[in-house]
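Comments concern the structure below.
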Amino acid sequence: MKVFVSHSSADKEIARPIASWLSKRGIEVWFDEWSMTPGDSLIEKIGDGIESADRLVVLLSEASVNSPWVKKEVATGLIMELAEEKGLGEKFVIPAVLRACKVPIMLRNKLYANFTNKVFDAACEELLRGIEDKPKGPQDETFRNGFACHSSVPAETAGKHAIVVEFGVKISPTEGLYIGIDVGANYSAVKTWFGIPNSQAIGDGVGIFFMNSENRAPPIYERKFQSPSVTSATSFYCYFEADSPFSIGTIMFKDFLMREV
């Protein structure tokens, strides 16, 4: 498989690692600074590179869509004509959006690899699937019902650091809770409460019935109770204050019967 990587010179620092990533995966890549030497005819060498390619990857950004190359060749459909001549159909051109931009009209009906909303390797994998025409298909991913997340919040006490940790579920409710967390700081204050999911509002711990709780010294916090339960509409929250910044370590999230949530 031979791939021609079309890009703007303004995007060279992004285009180069993409070309390298593809090359390391066994793709034969035509990249201008690798494939040309001083004295070469730009028009002739680039033309030969495109005509000999099995795929044309067009890296799109504001700089590239305003370039003469995209405006003339891609926007007017000349590349599409070449694809028909080569018998490659619509899969000849593979767009990849590097930065948010107005996609040329001739490419708007195509799915594109998106480098704007994911990490580099994931975007490259997406691009490679397009080049090889291999859909992602169903993934063998284990569903996790429970989740634990944390975020820094303004402290109620002046001069302190504060953090809120949320324990929630996506679908199935728990049977009580047994939670533990290493917050990485010797906390001086703790509050716990139930509240709506994805909320940083600090609540009151009224009505919480702790049972068989194990007291642990900071920075470890641990609590076990049989009721109430966490549901998709109600999460359990912990608020911590400390003199130093927090650094979340191990988190345990089980139900009262010690089963994974």
(request) Being β-branched (Val, Ile, Thr) and surrounded by fewer than 19 Cβ atoms within 10 Å (Cβ to Cβ) is the filter here, so list the residues in the stretch 215-261 that pass it. (result) Ile220, Thr231, Thr234, Ile248, Thr250, Ile251
(message) Take the conditions modelled with pLDDT of 85 or more and closer than 24 Å to Arg129 by Cα and apply them to Ala15. Does it pass?
(response) yes
(message) Among the residues of the stretch 179-191, are any modelled with pLDDT of 90 or more, in contact with a Phe, Trp or Tyr (Cβ under 9 Å, 6 or more places away or on another chain) and at positive phi?
(response) yes
(request) Given the conditions (1) of a type outside the set (S, T, N, Q); (2) modelled with pLDDT of 80 or more; (3) touching a Leu at 6+ places or on another chain (Cβ under 8 Å), report the number of the one that Lys102 does not fulfil. (result) (3)
(message) Just checking, does the stretch 167-190 include any residue being assigned to a strand (DSSP E or B), loosely packed, with under 14 Cβ neighbours inside 10 Å, under 22 Å from the mean Cα position of the chain (by Cα) and touching a residue at least 24 places away in the same chain (Cβ under 8 Å)?
(response) no
(request) Please find, among Arg99, Arg129, the residue that is out of contact with any Cys (no Cβ under 6 Å at 6 or more places or on another chain) and within 19 Å of Ala63 (Cβ to Cβ). (result) Arg99
(message) What are the pairs with Cβ atoms under 8 angstrom where one residue, in the stretch 86-106, is more than 15 Å from Ser64 (Cβ to Cβ) and the other, located anywhere, is modelled with pLDDT of 80 or more and exposed (fewer than 15 other Cβ atoms within 10 Å of the Cβ)? Sequence gap at least six, or different chains.
(response) Lys91/Asp133
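The values are calculated or read from the model by the stated rules, or taken from the named source; none is laboratory data. Quantities reported herein were computed from a predicted structural model and do not represent experimental measurements. When we count neighbours, we look across all protein chains shown, and the Cβ atoms used for this are built from the backbone with ideal geometry, even at glycine.
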